[in-house]
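S.K.: Have a look at this one before I ask anything.
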Amino acid sequence: MHDAYEPVPILEKLPLQIDCLAAWDDWLLVGTKPGHLLLYRIKKDAGTNRFEVTLEKSNKNFSKKIQQVFSVSAVSLPSFVSENNIHVHDLLTFQQITVVSKARGATLFACDLQQSSSGEAKLRMCVAVKRKIQLYYWKDREFHELQGDFAAPDIPKSMAWCENSICVGFKRDYYLIRMDGRGSVKELFPTGKQLEPLVAPLADGKVAVGQDDLTVVLNEEGVCTQKCALNWTDIPVAMEHQPPYIIAVLSRYVEIRTLEPRLLVQSVELQRPRFITSAGSNVVYVASNHFVWRLVPISIASQIRQLLQDKQFELALQLAKMKDDSDADKRQQIHHIQNLFAFNLFCQKRFDDSMQVFAKLGTDPTHVIGLYPDLLPSDYRKQLHYPNPLPVLSGAELEKAHLALIDYLTQKRSHLVKQLNDSDPFTTSPLMEGTPTIKSRKKLLQIIDTTLLKCYLHTNVALVSPLLRLENNHCHIEESEYVLKKAHKYSELIILYEKKGLHQKALQVLLDQSTKANSPLKGHERTVQYLQRLGVENLGIIFEFSPWVLKICPEDGLKIFTEDLTEVETLPRDKVLNFLKEGFQELAIPYLEHIIHLWDETRPEFHNVLIQLYLEKVQGLMKVYLNSLPEGQTPVAAGKEAGELGEYRSKLLSFLEVSSSYEPERLISDFPFDGLLEERALLLGRMGKHEQALFIYVHILKDTRMAEEYCHGHYDPSTNGNKDVYLSLLRMYLSPPDVHFLGPIKMELCEPQANLQAALKVLQLHHSKLNTTKAINLLPANTQIQEIQVFLESVLEEKAGRKRFDQVLKSLLQAEFLRVQEEHIFHQQVKCVITDEKTCRVCKKKIGNRYKVTFFIHYSCRTINNEDT
């Protein structure tokens, strides 16, 4: 509690019993039981709380007591109930202006003065006449009916305006009457055990309604706007609102409270107070039957000092906003109080509320972080000062505090990231004057991110990785490294290193942890994944840290260079190949197979190297294979050998046949003359030396099937070198060359012999692919006429079939041409005349001659109508 008001006597031992009073400016109007109306002028002595009281005027013309008085200085008139009617008099002369004749029998009235945006005052009045409520408005020095009378369920005992509603208290219940033209009535709640209901208007347009020793605040909808009711020490008999205080007259004293926060501020003991009124802000009069006091407010500065000592910061803030200081001084004091308030909330362990206030104030986040233990570097933490000793936090309280700090820092971080590239100067306010603040956005972001990392380690470890993966993560490397190692969070440490570009540190940690039994990073999988993401700019690091994986698990190690990732595919393949050939020769073939077959590598150098590597493998295995054969046993067909030899030779043959990117001229010299003839034949064929290739198939390997397959694969009637390949086969059967045709072959070969039957079979099966004249000229003179006749009949039959096919196709094309011509002539006969009267069927506008039209539709409108051109 603190002193908000000081009671000062104004009138003492008045001989007449006071029944009502009203005030405005320096004037006090007192209505008495005998019917006297007294007007006093109240002047305050400068520098003291003493008042000069002068009776300026009295009116004794009322025969009955004055029940209620109300002054309206804005329109210069007082209204009061006397002789059961509403009398309107001038404020200073008491001259009667008018009497509301319809209100005869009135027992109660309430006025509402509204200020329009133009500054014009509008006065409304509601009058209780028995069980009716009448409504009036003031105009041209008269009260006029606002709308029809409302029927009330009982005789009103208390009432007040509430925006466009009237709250009425009856003997047992409170009601709300809406001014919506229909007079809607809403029953609120019972009045309680008190003898008289109490309804008092508040400064913000709401009303305070009493129920025994409780008071609730209602809006014009009749809805309670406060979470909890005000609880008085006794039942109030009258009430006045002086923001931020609400003053209630109790049976033995005046009690002063606040609505927000709900506080008992002061109890002023007076002799049987009954009435209260105000003449505006900070001018409050309280009266008993024969005494009048004025409640003089204590200076706001004194109140604020006392409130800050009592740690009542919310009320101190409300008072600070009411001070008459300059705007700059007022802002500074409000900011200081708000900081103290936020700090006090933290000390009360209301962490979420404290962080919300700090966020609104723009307090330097490092000062907020300093409230927590072990989050700031000790050197910087020693520079921070706080109003009071900090609370000791541990266990669940510390976790709750960390969660509130996380929300606060996340909000601050988002705001800072958006302003990171702004050129505007950056400032934050200190929690205590004189404490240093951070001037750099980047440095502050570094502190915030590092603090978030520490908080996540204390509260929710699952959030550490997402924080470190942020592209704009500003965590301090050394500090973050220390706390992560201390917490044994090596997976998160790897993410930190990766995002900061410290790849060698990350890979060294992975290497160290790979052999530890209980480590989540045990094994080589994480190293493989990490190396796959490094890309071409870190090729040296890849070559530095991949060997240990390639040694212990070649298959997984090769994935460093073959995974289907953009970073892996863009690695320089020639450098990778050289790296593998130098240290891991056995992986060069799988690597080349991958880039050629899966990544469609077409550069000749890679195809050449793969063939050379296949050849090396096959030659080494072939020697072992031939040496292991029993004497007199012939080797099996090429590619059909058992084991690795068959596998690699099959791959070599297939690749020589399928690939179109290798250079046979450069490779053929690598192949031996005493073996691997099938491979040599494929190289010769790729070089266009078909007769040499066919010589190998026909006269060395003596495999006519392979020779025909070779011709089938190379025959191309549109290419000069390949269109006579079957003729070359025929020549090889009929006129075989010398045994030295291929060159210095180190093999014992028999002299090649002609094979007329095989030649005739070629004539029979492939006559359409042979030049007839050249084929006949190749046949020996002793060839039987019957065999030549069969060949010629097949040729003529094929030519005749081709001719018939061409004739049918010509007829079909001629018929299609005639049909198109006929359709063209038909469409040319259609005529469409566009005149100025023609309108578009869609937009209804005239088409004119400058638009392309479609069935009298603008070209631009046709999509609306879904028409085709």
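S.K.: Taking the Cα centre of the chain as the origin and placing charges on Cβ (Lys, Arg +1; Asp, Glu -1), which of PRO736, GLN134, LEU565 is farthest toward the positive end of the dipole?
M.R.: GLN134
S.K.: Taking the alpha carbon gyration tensor of the range 5-300, what are the square roots of 5 times its eigenvalues, largest first, to the nearest whole Å?
M.R.: Square roots of five times the eigenvalues give 27, 25, 18 Å.
S.K.: Hey, got the Cα dimensions of the range 519-565 along the principal axes, in Å, largest first?
M.R.: 29, 21, 20
S.K.: Sticking with this one: Arrange the peptides 51-60, 426-435 so that the one whose residues have, on average, the most other Cβ atoms within 10 Å appears first.
M.R.: Result, highest mean first: 426-435, 51-60.
S.K.: Right, next: For the chain, what is the per residue volume of the convex hull drawn over the alpha-carbon atoms, in cubic angstrom? Write down the numbers at each step before the final one.
M.R.: On the way: hull volume 312.9 nm³, N = 869.
That works out to 360 Å³ per residue.
S.K.: More than 26 angstrom separation, counting every C-alpha pair in the range 1-154; what % is that?
M.R.: Percentage above 26 Å: 35.
S.K.: Evaluate the distance, in nm, between pseudo-label points positioned 7 Å from the Cα of LYS43 and of ASP234 along their respective Cα→Cβ axes.
M.R.: About 3.7 nm, to one decimal.
S.K.: If you average over every viewing direction, what projected area does the convex hull of the Cα atoms of the range 148-251 give, in nm²?
M.R.: Dividing the Cα hull surface by four gives the mean projection, 6.4 nm².
S.K.: While we're looking at this one, here's another question. Distance cut-off 19 Å, Cα to Cα: go down the list LYS311/LYS349; LYS559/LYS640; LYS454/LYS486; LYS522/LYS581 and report the pairs above it. Numbers along the way, then the final one.
M.R.: Numbers: LYS311/LYS349 15 Å; LYS559/LYS640 30 Å; LYS454/LYS486 11 Å; LYS522/LYS581 29 Å.
Beyond 19 Å: LYS559/LYS640; LYS522/LYS581.
S.K.: Using only Cα atoms, tell me the angle between helix 477-486 and the longest principal axis of the chain; keep it within 0 to 90° and round to the nearest 10.
M.R.: Once rounded, one gets 90 degrees.
S.K.: Then there is this: Helix 300-309 sits at what angle to the longest principal axis of the chain, using alpha carbons and giving 0 to 90 degrees rounded to 10?
M.R.: Once rounded, one gets 60 degrees.
S.K.: Using only Cα atoms, tell me the angle between helix 490-499 and the longest principal axis of the chain; keep it within 0 to 90° and round to the nearest 10.
M.R.: 80
S.K.: A further question follows. For n ≥ 4 DSSP H runs only, could you compute -39500 (n - 2.57) per run for the chain, divide by its residues and tell me the 222 nm figure to the nearest 500? Show your work: numbers first, answer last.
M.R.: Values: 29 runs with 338 residues, N = 869.
Mean residue ellipticity at 222 nm (helix-derived): -12000 deg cm²/dmol.
S.K.: Please compute, for the alpha-carbon atoms of the range 351-496, the extent along each of the three principal axes and give them in descending order in Å.
M.R.: Cα extents, longest axis first: 42, 40, 28 Å.
S.K.: Take the eigenvalues of the Cα gyration tensor for the range 209-257, scale each by 5, and report the square roots as semi-axes in whole Å, largest first.
M.R.: Working from the Cα gyration tensor, I get semi-axes of 19, 12, 9 Å.
S.K.: On to the next question. What does the highest-first list of 514-526, 382-394, 490-502 look like by mean Cβ count within 10 Å?
M.R.: Ranking, from highest mean packing down: 490-502, 514-526, 382-394.
S.K.: Have a look at ALA320, ALA359, LEU250 and report the one farthest towards the positive end of the charge dipole of the range 226-359, computed about the Cα centre with Cβ charges (Lys/Arg +1, Asp/Glu -1).
M.R.: Result: LEU250.
S.K.: Once Rh for the range 283-358 is found with the Kirkwood sum over Cα pairs, what is the Stokes-Einstein diffusion coefficient at 20 °C and 1.002 mPa s, in µm²/s? Intermediate values should be presented prior to the final figure.
M.R.: Working: Rh = 14.1 Å.
Rounded, D is 152 µm²/s.
Quick note: the coordinates plus some simple rules give every number you see, no bench work behind them. Since the model is a prediction, treat every value here as computed from it, not as a measurement. Every residue, glycine as well, gets a Cβ built from its backbone with ideal geometry; the counts of neighbours run over all protein chains shown.
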